[in-house]
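Enquirer: Just dropping this structure here.
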Amino acid sequence: MQCSHPMYKSARTAYHNKFEKRGNARLLAAVITALAVASLGACDMPHTDNGAEEESGALRLTIHSGDSLGALTLLPDKDMEPAEYRISGTGPGDAGFETSTSGGTQEFRDLSRGEWEIEVSAFNADEEEIGYGRQTVEINNGETAEVGITVRALSGTGSLSLSVVWPGGEVGAAEVVATLTDSGGESQSLSFENTAEGAAEYSGSEIAAGYYTLVLQLKDGEHVVAGAVDSVRIVQDGLTEGEFNFEDLNHPTGEIEIIVVPEMDDPLEVEISGAGETLAYGESMTVEAVVENADGAILVYEWYLNGAPVGSESSLTFGYNLSEGSYRLDLVVFAEDGQRSGSAAHNLTVE
Amino acid sequence: MKVQYPPVHAGASPVRRRSLGRRVLVVLVIVFMPAVLTVSCSQPIGGGGDEGSLSIGLGDVAAASTYGDQGLEPESYLFSGTGPNGETFSVVSSEEKTTVPGLKSGEWEVRVEGLNGNDEVILAGEGTVEVLPFEDAAVELALRPVDGIGAIEVRAAWKADHTLDPSVTITVTGSDGQSETLTAAANSGAAEKRIEELPTGYYRVAVRLYDGEEEVAGSAHTVRIVNGSGVKLNSELDALNKVGKPIEINGEQFTIAWDAPADSEPEVYRVYYRQRGEYHWELIEAIDAQSNPQYTVTKDTLSYGTYELAVSSVSKGEESALHSSMADSAQPESGWYVRWEGP
């Protein structure tokens, strides 16, 4: 006997941080292992129309959870733990019954012989229907029929909201790439939008209820710097949320070579041209400044004789008024902006 | 009354006398004065003629090094960077380049500092580089001198005996033309001055040595101040235009004496004088050579006045260079001249 129309509804569980559950331990719904063996209860005892006792049998009902309890991660916001099962049976003629239970074995007696359709709906504590199961059973006289009904989450669509955060600034060209793959292997891409530096979000609806595998990657350009794979459960009318916080990124690294290029405002290479070692008394000497590395700079000249300034042109004629003796001729050249300078010296004797 | 003389060279051509090494000593013996003055002439002066020599050396150049520039040669470099999410790196190297692996992709602010031996930053440069995953990038950073302050320590040196009343001034002129002149105390042929708190940059430094009121030597230099540096500038003032020591003579005559040349036997000595401040020498008299040569100046041969004196030797018809009382080898070494006013 199988449930012919299993239905899923959603429950909510948030997923926080990489692989860290946000405490939705109530989780599931899934663990509906309530075993109900039903028998006809006195209060719900079915009767024939004419009131005469007819041949009857009994029914022992067992309710199974239709969901596995695997390592669920991203779960919906709806409480998927059954708090109540509402059971109804429809038998031959107008025969029928309704009852509810929080679980356990349910046994229904004095059921009319014939074919009965048994339906079980699961409700959570908020009285939201979260599961459904149905089974047909044949009741025979004097016998107790046993039937197991698998209650499954309701089918339909739900919503999924995902957010990804990472250290802002560490990823130059951030892109979140994600796919959602159902149990049949069919995948759909999730389109994330970067909402801020270091944050991206996805929001989707009308996603068929069920379990999915979420593959999510944070990329820096072409390079994956972080990623995660998780199960996602979508339930009917439920919102499943998840947040991934990639604190430690596997940064793709690069290398830089730093080369120093000195811009030293190098001294001017100054030379004195035309200078002789001796100068006859009463004669003159003309010397010229030579600067090889001026590089177009406007130059300012200052000539010194024994430390005393004697001229400020690029050439200097001097000596006719010098006494006999020894002299040191210095030339100091400045770039007009003062950023460079240089000097040269020459010793001479007036005889 | 006579002191030792160094030899005098005889036979030297007056024109080329500087190239001849032999010397004559002149001793001045002043009658009526207890003092004996000696002149030792190692540097002959202009001779009896008025000719000199001039050699023009085209391309004969002398380039002075810039003081302080060597202070811009870092001993090490500090490479540092700040990248994505506050990531940093820091590398010290003695090389002018380095490679930094394992940097997170993204924009990096990179800085390089050149450090001197005292770990003071003398050069710096910075830039931005984009680090791409799995790629090698290169960045060239221009390194420039950093702003700061430094100091100049000027030391002037000369032969103490060549001056009588020395003093030194130091003029520091910045690239903006602003200048400051400082006086450095002279002591035993040297003067030192340290000038602090100078902003980094180029300066002209002029050193001038005075003897009394007369400027006798000097030099000028370019100095580069680097942050944290103390630039030592040595001004070696080897050749002074000496002022000389005045010898007061109140007698009617005085005697000078000199050493005979050691390597020649001159036939004649010639004694010269010139007015203080004049260029040309005038012959007083030629005298026969003698073992202890000397000559007495009287009012009959020279009128009272202020004179420098010199002597030459003549050997085989050739006259040596003149050796004067102002020569470096004279005694005293400051040089001397007579201020002869008579009794």
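Every residue, every condition in (1) at the interface with chain B (Cβ under 7 Å from one of its Cβ atoms); (2) open to solvent by 20 Å² or more (accessible area, probe 1.4 Å); (3) not in a strand (DSSP E or B), yes or no:
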{"position": "A:GLU313", "(1), (2), (3)": "no, yes, yes"}
{"position": "A:LEU316", "(1), (2), (3)": "no, no, no"}
{"position": "A:LEU329", "(1), (2), (3)": "no, no, no"}
{"position": "A:ALA344", "(1), (2), (3)": "yes, no, no"}
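Enquirer: Here's a follow-up. Restricting to region A:232-258, what's the tally of residues that are of a type in the set (A, V, I, L, M) and within 14 Å of another protein chain (Cβ to nearest Cβ)?
Expert: The total comes to 3.
Enquirer: Go through region B:116-132 and give me each residue that's touching a strand residue (DSSP E or B) at 6+ places or on another chain (Cβ under 7 Å) and not in a strand (DSSP E or B).
Expert: Correct list: B:ASN116, B:LEU132.
Enquirer: Here are the criteria: (1) in contact (Cβ under 8 Å) with a residue 40 or more places away in the chain; (2) crowded, with 23+ Cβ neighbours inside 10 Å. Tell me which single one B:TYR307 does not satisfy.
Expert: Failing condition for B:TYR307: (1).
Enquirer: Shifting gears a bit: Could we say that B:LEU283 is at pLDDT 90 or above and surrounded by 14 or more Cβ atoms within 10 Å (Cβ to Cβ) here?
Expert: Judged against the criteria, B:LEU283 is not a match.
Enquirer: Still on this structure: Being open to solvent by 30 Å² or more (accessible area, probe 1.4 Å) and of a type outside the set (Asp, Glu) is the filter here, so list the residues in region A:170-180 that pass it.
Expert: If the condition is that a residue be open to solvent by 30 Å² or more (accessible area, probe 1.4 Å) and of a type outside the set (Asp, Glu), then A:GLY172, A:ALA173, A:VAL177, A:THR179 are the ones that fit.
Enquirer: Among the residues of region B:191-212, which ones are closer than 12 Å to B:VAL231 by Cβ and more than 7 Å from every other protein chain (Cβ to nearest Cβ)?
Expert: B:ARG194, B:ILE195, B:GLU196, B:LEU198, B:THR200, B:TYR203, B:VAL205
Enquirer: Sticking with this structure for a sec: Among the residues of region A:74-100, how many are of a type in the set (Ser, Thr, Tyr) and modelled with pLDDT under 90?
Expert: Total meeting the criteria: 0.
Enquirer: Continuing with this model, one more query. Filter region B:253-280 down to the residues that are more than 25 Å from B:GLU214 (Cβ to Cβ), open to solvent by 50 Å² or more (accessible area, probe 1.4 Å) and of a type in the set (Asp, Glu) and list them by number.
Expert: If the condition is that a residue be more than 25 Å from B:GLU214 (Cβ to Cβ), open to solvent by 50 Å² or more (accessible area, probe 1.4 Å) and of a type in the set (Asp, Glu), then B:ASP263, B:GLU265, B:GLU267 are the ones that fit.
Enquirer: Six or more apart or on different chains, Cβ under 8 Å: which pairs go from a residue in region B:189-204 that's part of a strand (DSSP E or B) to one that's open to solvent by less than 30 Å² (accessible area, probe 1.4 Å) and among the aromatic types (Phe, Trp, Tyr)? Could you list them?
Expert: Sorted first by the residue in region B:189-204, then by its partner, the pairs are B:ALA190/B:TRP158; B:TYR202/A:PHE334; B:ARG204/A:PHE334.
Enquirer: Right, A:GLY227: in a strand (DSSP E or B), small (Gly, Ala, Ser) and either more than 7 Å from every other protein chain (Cβ to nearest Cβ) or under 30 Å from A:SER155 (Cα atoms) (or both) or not?
Expert: It is true that A:GLY227 is in a strand (DSSP E or B), small (Gly, Ala, Ser) and either more than 7 Å from every other protein chain (Cβ to nearest Cβ) or under 30 Å from A:SER155 (Cα atoms) (or both).
Enquirer: Select from region A:291-310 the residues that are open to solvent by less than 20 Å² (accessible area, probe 1.4 Å) and either at positive phi or aromatic (Phe, Trp, Tyr) (or both) and list them in ascending order.
Expert: Within region A:291-310, A:TRP303, A:TYR304, A:ASN306, A:GLY307 meet the criteria.
Enquirer: Here's something else I'd like to know. Between residues in region B:161-182 that are closer than 16 Å to B:THR200 by Cα and residues that are modelled with pLDDT under 95 and not in a strand (DSSP E or B), which pairs lie under 6 Å by C-beta distance while being six or more apart or on different chains?
Expert: Between residues of region B:161-182 that are closer than 16 Å to B:THR200 by Cα and residues that are modelled with pLDDT under 95 and not in a strand (DSSP E or B), the close pairs are B:SER175/A:GLY338.
Enquirer: Also: With assigned to a strand (DSSP E or B) and either at pLDDT below 90 or of a type outside the set (A, V, I, L, M, F, W, C) (or both) as the only criterion, which of B:ASN227, B:ASN234 stands out?
Expert: B:ASN234
Enquirer: Confirm whether A:GLU241 is part of a strand (DSSP E or B) and farther than 14 Å from A:ALA178 by Cα.
Expert: The answer is yes for A:GLU241.
Enquirer: For region A:143-150, check the following and say yes or no: at least one residue is touching a Cys at 6+ places or on another chain (Cβ under 6 Å) and closer than 22 Å to A:TYR211 by Cβ.
Expert: Yes; the residues of region A:143-150 include at least one that is touching a Cys at 6+ places or on another chain (Cβ under 6 Å) and closer than 22 Å to A:TYR211 by Cβ.
Enquirer: Among (1) within 60 Å of the chain's Cα centre (by Cα); (2) within 7 Å of chain B (Cβ to nearest Cβ); (3) free of Cβ contacts under 8 Å to residues at least 12 places away in the same chain, which single condition is A:GLY296 missing?
Expert: Among (1) within 60 Å of the chain's Cα centre (by Cα); (2) within 7 Å of chain B (Cβ to nearest Cβ); (3) free of Cβ contacts under 8 Å to residues at least 12 places away in the same chain, A:GLY296 violates only (2).
Enquirer: Kindly indicate the residue of region A:267-290 that is more than 7 Å from every other protein chain (Cβ to nearest Cβ) and in contact with a Leu (Cβ under 9 Å, 6 or more places away or on another chain) and also most open to solvent (accessible area, probe 1.4 Å) among those meeting that condition.
Expert: Applying the filter and picking the extreme gives A:GLU288.
Enquirer: Follow-up. Against the condition touching a helix residue (DSSP H, G or I) at 6+ places or on another chain (Cβ under 7 Å), assigned to a strand (DSSP E or B) and crowded, with 21+ Cβ neighbours inside 10 Å, how does B:ARG208 come out, does it pass?
Expert: So B:ARG208 does not fit the description; no.
Enquirer: Can you tell me which residue within region B:89-115, out of those that are among the hydroxyl-bearing types (Ser, Thr, Tyr) and assigned to a strand (DSSP E or B), is surrounded by the most Cβ atoms within 10 Å (Cβ to Cβ)?
Expert: The qualifying residue surrounded by the most Cβ atoms within 10 Å (Cβ to Cβ) is B:THR98.
Enquirer: Just checking, which of B:GLU215, B:GLU135 is modelled with pLDDT of 90 or more, facing chain A (nearest Cβ under 10 Å) and open to solvent by 40 Å² or more (accessible area, probe 1.4 Å)?
Expert: B:GLU215
Enquirer: Shifting gears a bit: Need at least 1 residues that are within 14 Å of chain B (Cβ to nearest Cβ) per element, so show me which strands (runs of 3 or more DSSP E) inside region A:125-193 make the cut, counting only ones lying wholly within it.
Expert: A:157-165, A:174-182
Enquirer: Next up: Cβ-Cβ below 6 Å, separation at least six or inter-chain, first residue in region A:182-209 and more than 17 Å from A:ILE234 (Cβ to Cβ) and free of Cβ contacts under 8 Å to residues at least 60 places away in the same chain, second among the hydrophobic types (A, V, I, L, M, F, W, C) and in a loop (DSSP other than H, G, I, E, B): which pairs?
Expert: Short answer, once both residue conditions are applied: A:GLY198/A:TRP166; A:ALA200/A:PHE192.
The values are calculated or read from the model by the stated rules, or taken from the named source; none is laboratory data. Every value quoted in this text rests on a predicted model; they were computed, and no experiment measured them. Please note: Cβ atoms are built from the backbone with ideal geometry, for glycine as well, and neighbour counts cover all protein chains shown. Side chains included, ligands, DNA and RNA excluded: accessible areas come from the protein's heavy atoms. Shrake-Rupley method; radii C 1.70, N 1.55, O 1.52, S 1.80 Å.
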